[in-house]
Structures are given as C-alpha cells and as structure tokens.
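The values are calculated or read from the model by the stated rules, or taken from the named source; none is laboratory data. In this text the structure is predicted, and so the values were computed from the model without any measurement. Here the Cβ is made from the backbone with ideal geometry for all residues, glycine too, and neighbour counts use every protein chain on show.
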Amino acid sequence: MTLPLACGAAEIPEPVLPAGVGVNIHFVTGHEKELNLLAAAGFKFVRMDFGWTGAETSKGQYTWAAYDELLANLDRRGLRALFILDYSNPLYEETVTSPNPMTQALYKNTASPRHPESIAAYARWAAAAARHYAGRHVIWEIWNEPNGQFWSPKPDVQEYTALALAACRAVREADPQATLVAPATSGFPWEYLETFLKSGVLEYLDGVSVHPYRSPRQPPETAAGDYRRLRVLIDSLAPPAKRGRMPILSGEWGYSSFTRGVSLENQAAFAARQQLANLYCGIPLSIWYDWKNDGNDANENEHNFGTVLPDLQPKPAYRAVQTLTRQLAGYRILRRLTLPDGEDYVLLCTGPAGADKLAAWTLGQPHRIALPLTATGSNPPTAVSSQGESFSPKVDSSQLLLELGAAPQYVALAGAQVAEPAAQK
C-alpha cells in the first residue's frame, strides 16, 4: 500500500488530520448554529451545490450574495468549501422527460448542458464564479454523479466530457490557480471513467473525484482495490508531469442508518474508519454524506445518512468524527502494522514533536491482540474509545494488549514503541 505523499496539486489538503475531513451540507445562508456544531466536530471542509439556475436568472447576469454569505460564515470557523458546479439552466436548455431511476416514473426537468450554446454559457458562469472567488481556497467540482440520474435526459459520457473540458478551459483562463476536480461519479464506472480520462481533461484537473458508495455489508476498507485500479488508470493517461501526483478524492460517501442499512454503532465506526482507511490509501480529502438526517422516517434510506438528527441532536457518528479529529489532530499515518489476522487494522500515526499514536480496529469479530513493546515510555500508554471515553490499555510482559472491535480506538504510546507480532508457524 502506498501511503499519501504531500499534495502538490493546487489547494488539495495535506494528508494530516483533520485537514481533509469533510461533510456534505444542504444549505447556503443562515444555519450558523449548524456550522458551529459542524466545526466543533472537527470537520474542515463542507461540500455544497453551487447552483447555476439561482446564480444566473437573466442571461449574462450573475448573483453571488448567498454564497458570499456562506463563505464568510465558513471563513469565521476555519472551514473550506468544495462547491459543485451544478446543474442546468432553463435559460439555455429545453425541458425533457426522464425516468426516475428507482421507480421508473417519468418526470420533467431541464436537460443537462449538451448543446453549444448551453455548454458555452455553463463555462462562462463557471469562469465567472472562479474569478469572483479567486483566492478564497475553494475546490471546484464539475457536476455531480453525471453517470446517473443527475445527467438528463440520460447519462452520456461524451456530453459530460464536452461540458467538463469547456468548463476547465474557461476556469483556467479566469483563474489559473483555481483548484478543479471531476468527474464525481457515483461508484467506479470503469468504462465511463476511462472514456472521460482519455479526453485530455487530466491536463486541467488537480484531482479525480469519485463517490465510492457500497452496500451496508461492504465496509470502508473495501474501496482500497478500486482506488488502486483508478490510480493505475489515471497514471496511464495523465500528462507525464502529473503521473504519480494526481490525487484521488472521495467526494461523497456515507452509510445510512435506516432500518435496512447499518446500525447507529456501525455508522459511527464507518464514519471514522472511512477517514482513516482513505488516508491510508492516499486519499487526502474525504467528504462524509451527510451532515444532518433529511427526515425522521427510520424506514427511509435518504433520511438517515446524517451525523446529527433533524433537531441537531448528535448521533454516535458525530461523536466518532469528533473523537477522531481531536485525538489525531496534527497526525499523519506512517504505516499499517502487519498482523496475523488480515482483518485487523492497526495504523501507526505520528504527530507533533514525534509523538506516536495507534488507531486500531478490526473488520472481524471483537478479539484481543498483543503487540510487542520494543521500548517503554516514562508513562504507560493511554487510550480513548471511538466515543471519547478514556481508558488504560493493558500492558503485560512487554506486550500491549488491545481489545479490538468495529470502532477505532486511539492509543497514545507515551514514548513506547511497538512492533509486529512474530509470524505464526
């Protein structure tokens, strides 16, 4: 496994916690209490739609006031924005009929930009936005899940690629220092990704964003193989100067705690493990979906992705993120210890002044592991659970004994040094 290097691309965050810990929101103005809670959890990025229709209601006239307010509110809290340049605009495209991908019921909406006039208008608007917010540390994402229902009337990689190339060129001319990512695909649609990346768009992009959603039975660690395959594809098609240097971003991904999804406890464990497993795979920015539950129906998938309830009461996922960002603030992952059980994860992390911590969990059933101590510190190791509870791990006969479970625990080594257990014969 290749651990992340320093990111030289534009303003992609460094792989140091919690710089790349992000979350999706669904508001622009107001909601300052929510932003306070969000910042208190340790999130450093918010991802939000940057809507074309609301910004351009008369051709060539742009309104930025709502996003000016949002960015000011983010700045006051040390937060950054990933803005999605979406969606279409009825000033430039016709109304079409599309099937709902879940129910197949037909509905009417505005076609995605797919004609010369609408593509050019989208590119002008994207360039104007980049120019207006130059120097504000925004990451711009070109569309959202164009391989699915968000491209109307139906997904078309050639149409999306034409739009992305036009937007990239316009934004680069307006603000050469802008940070651009794409294509924000739902999952890893390999044929779609290859066609898009072959287009020459990597010349303009600073990162490749994907949404690695998977079933409740597939934990965050299962994305590792997809990341490896995507990295090989990117490096085979990137300009020589960008090979090995183009980061992959986890632009949206979560697990719903609805009745047929994951439990509240597993959602919390996955929220922390997604950040850790992604960083270990070299993914410098991970956006959790979602900040807040969208409703109160426990049987509705879309209502239950949040870290807080609709009334802002924290779910266990909120506390798991907050504990992660507090315990590993300023830390980066050095390596994963090699253990007899491949489902066990013990990440050795180093922080300020060389202080080391472990982040440890298992994909399997709870059990105890023993890590040899090659040196002991002046104080015994201390630990904190995923929900922020302090405890003292056991040390016996120069071994650190840890009870691994699904939720990460964070062990401060206090000067001690651990090694991999001897291989079992």
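Suppose we filter 162, 241 for residues that are buried (at least 16 other Cβ atoms within 10 Å of the Cβ) and in the same structural domain as residue 125 (by TED's automatic domain parsing); which single one remains?
Only one candidate passes the filter, namely 162.
Is one or more of the residues making up the stretch 251-259 surrounded by fewer than 17 Cβ atoms within 10 Å (Cβ to Cβ), in the same structural domain as residue 321 (by TED's automatic domain parsing) and modelled with pLDDT of 95 or more?
yes
Of a type outside the set (A, V, I, L, M), out of contact with any Asp or Glu (no Cβ under 7 Å at 6 or more places or on another chain) and either in contact (Cβ under 8 Å) with a residue 60 or more places away in the chain or part of a strand (DSSP E or B) (or both), is that true of residue 335?
Yes, satisfied.
Can residue 401 be described as outside the structural domain of residue 306 (by TED's automatic domain parsing), in a strand (DSSP E or B) and surrounded by 19 or more Cβ atoms within 10 Å (Cβ to Cβ)?
Taking the combined requirement at face value, the residue does not satisfy it.
Which members of the stretch 81-110 meet the condition of being more than 25 Å from residue 124 (Cβ to Cβ) and assigned to a strand (DSSP E or B)?
The answer is 97, 98, 99, 106, 107, 108.
Taking the condition at pLDDT 95 or above, hydroxyl-bearing (Ser, Thr, Tyr) and in contact with a strand residue (DSSP E or B) (Cβ under 6 Å, 6 or more places away or on another chain), does residue 88 pass?
Answer is yes for this residue.
Which one of these is assigned to a helix (DSSP H, G or I), touching a strand residue (DSSP E or B) at 6+ places or on another chain (Cβ under 8 Å) and aliphatic (A, V, I, L, M): 312, 324?
It is 324.
Could you tell me which of the residues 194, 265 is over 30 Å from residue 296 (Cβ atoms) and not in a loop (DSSP other than H, G, I, E, B)?
194 is the lone residue from the list that is over 30 Å from residue 296 (Cβ atoms) and not in a loop (DSSP other than H, G, I, E, B).
Counting only residues that are under 20 Å from residue 248 (Cα atoms) and at pLDDT below 95, how many does the stretch 149-184 have?
Within the stretch 149-184, residues that are under 20 Å from residue 248 (Cα atoms) and at pLDDT below 95 number 0.
Does at least one position in the stretch 208-222 carry a residue that is crowded, with 19+ Cβ neighbours inside 10 Å and among the aromatic types (Phe, Trp, Tyr)?
No; the residues of the stretch 208-222 include none that is crowded, with 19+ Cβ neighbours inside 10 Å and among the aromatic types (Phe, Trp, Tyr).
So that you can scan it fast, the table gives a plain yes or no per residue for (1) more than 23 Å from the chain's Cα centre (by Cα); (2) acidic (Asp, Glu):
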| position | (1), (2) |
| --- | --- |
| 44 | no, no |
| 71 | no, no |
| 76 | no, no |
| 86 | no, yes |
| 108 | yes, no |
| 111 | yes, no |
| 133 | no, no |
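Here is a check on your reading of the model: is residue 249 touching a residue at least 60 places away in the same chain (Cβ under 8 Å) and either within 23 Å of residue 309 (Cα to Cα) or out of contact with any helix residue (DSSP H, G or I) (no Cβ under 6 Å at 6 or more places or on another chain) (or both)?
yes
Yes/no per residue for (1) surrounded by 19 or more Cβ atoms within 10 Å (Cβ to Cβ); (2) free of Cβ contacts under 8 Å to residues at least 60 places away in the same chain; (3) touching a Cys at 6+ places or on another chain (Cβ under 9 Å); (4) closer than 28 Å to residue 310 by Cα:
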site: 23; (1), (2), (3), (4): yes, no, no, yes
site: 32; (1), (2), (3), (4): no, yes, no, yes
site: 86; (1), (2), (3), (4): yes, no, no, yes
site: 105; (1), (2), (3), (4): no, yes, no, no
site: 121; (1), (2), (3), (4): yes, no, no, no
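Say we look at the stretch 268-324 and pick out the residues that are over 28 Å from residue 344 (Cβ atoms) and among the aliphatic types (A, V, I, L, M); which of these is surrounded by the most Cβ atoms within 10 Å (Cβ to Cβ)?
If we take residues in the stretch 268-324 being over 28 Å from residue 344 (Cβ atoms) and among the aliphatic types (A, V, I, L, M), then 308 is surrounded by the most Cβ atoms within 10 Å (Cβ to Cβ).
Have a look at 235, 226, 290, 206 and point out the one that is charged (D, E, K, R) and within 14 Å of the chain's Cα centre (by Cα).
290
Taking the criterion of being more than 30 Å from residue 225 (Cβ to Cβ) and either in contact with a strand residue (DSSP E or B) (Cβ under 9 Å, 6 or more places away or on another chain) or assigned to a loop (DSSP other than H, G, I, E, B) (or both), would at least one residue in the stretch 354-362 satisfy it?
Yes: one or more hits.
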